[in-house]
Amino acid sequence: MHRRILAVETATPRQSIAVLEGTTPIATLEQTAASGQTRWLIPAIDRLLASIKMRLSDLDGLVLSAGPGSFTGLRTSFATMMGLRYVTGLPLVGVPTLEGMAWTLRGETRTLCPIIHAQTDHVYWACFRWEGERLLRLTEDQLGTWSDLRHALREPVLLFGEGWQRHRQTVLDQFVNADRFHQEGPADCMSPSAVSVGRAGLERLEAGERLASGEGPRYVQRARAEVEELKHRSESMGGRSGRCV
C-alpha cells in the first residue's frame, strides 16, 4: 500500500503544496504568495484536500521544505505543519530545500547546483550528484555572492533554480568566459516544487526519520571570521565544504 502524504514548499515566493500517493502526485496547487504566506497556506491545504475528497485523517505523513529560503514562508510552514502533526498525530519530516530541488532532476548524470535568491546579490546554493537511485550531497548549503559561487565551482555543473533564473543574464554577462556557467537546467525545474519535496520526504518517512519538536527552519549564515576575511579579499569563500569537487 502506498503512503499518502501532504507536502508543502514555502521557501520562495512561488509556493506550492501537493498530495502524493507513493511518488505519484494526485493533487497539486501552486501560487505566488509574496507577502501573503500566512493567509494563503491553511486555506490552500483545505482546498487541495477537498478537491480530491480527502481529509487529513486519510493521510499517512507530512513533509515540509525546511530551508534555507524566505524567513516568513518557512516559519509559516513550520508552524502550520507542526500544528497539523499535533492535531492528527501524523509523522512529519523536513527536507532541505536545495536537496528537494535536486530531486526535481532525479536521474540527471551531471553535477547539480540548485540556487535560491537570498538578498541583493547573495544566493543560497549546494551541489549534488545522482548515483543511480541515490542522491549524494557534495557540499553543505552555502550562502554567498555570485563571485563566491563562481570560485567555489571546480567543475562544470548544471545551474538551476529561481535564484539562477532571477540573475541569469547578469551572471552570464559578468562571467561570459566561464564554461562552468554554460549549463542550465530545463525551465520546468526553476521553482522549488512540493512534489519533489514530497518524494524526497517519502524516503525519510520510510526510514523512520521525524522532525524534532523544537526543530526550526535551516538558516545559512556566513561565519563571523569569514565575513571579516571577505572584507579584505573576495577570491573565494575558502574551506573545502563550499567547493564542488
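Looking at Met101 and the list (1) of a type in the set (A, V, I, L, M); (2) over 22 Å from Phe71 (Cβ atoms); (3) not in a loop (DSSP other than H, G, I, E, B), which single condition is not satisfied? For Met101, the failing item is (2).
Listed residues Tyr124, Tyr86; which is in contact with a helix residue (DSSP H, G or I) (Cβ under 9 Å, 6 or more places away or on another chain), hydroxyl-bearing (Ser, Thr, Tyr) and at pLDDT 95 or above? Spell out the reasoning first.
Working: Tyr86 fails: in contact with a helix residue (DSSP H, G or I) (Cβ under 9 Å, 6 or more places away or on another chain).
When all the criteria are applied, what remains is Tyr124.
Per-residue answers, yes or no, for (1) assigned to a strand (DSSP E or B); (2) of a type in the set (Val, Ile, Thr):
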site: Val8; (1), (2): yes, yes
site: Ala18; (1), (2): yes, no
site: Ile42; (1), (2): no, yes
site: Met54; (1), (2): no, no
site: Val63; (1), (2): yes, yes
site: Ala79; (1), (2): no, no
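Counting only helices (runs of 4 or more DSSP H) wholly contained in the range 149-245, the ones carrying 2 or more residues that are out of contact with any Pro (no Cβ under 6 Å at 6 or more places or on another chain) and at pLDDT 85 or above occupy 162-174, 194-206. Of the residues making up the range 140-159, those that are farther than 19 Å from Cys189 by Cβ and under 16 Å from the mean Cα position of the chain (by Cα) are Glu140, Gln142, Leu143.
Applying the condition of being of a type outside the set (A, V, I, L, M, F, W, C) and in contact with an Asp or Glu (Cβ under 9 Å, 6 or more places away or on another chain) to the range 202-211 and asking which residue is farthest from Gly94 (Cα to Cα) yields Glu203. Thr109 fulfils the conditions (1) in a loop (DSSP other than H, G, I, E, B); (2) under 18 Å from Gly201 (Cα atoms) except for a single criterion, (2).
The values are calculated or read from the model by the stated rules, or taken from the named source; none is laboratory data. Model, not experiment: these values are computed from the prediction. Note that each Cβ is placed from the backbone with ideal geometry, even for glycine, and that neighbours are counted across all protein chains shown.
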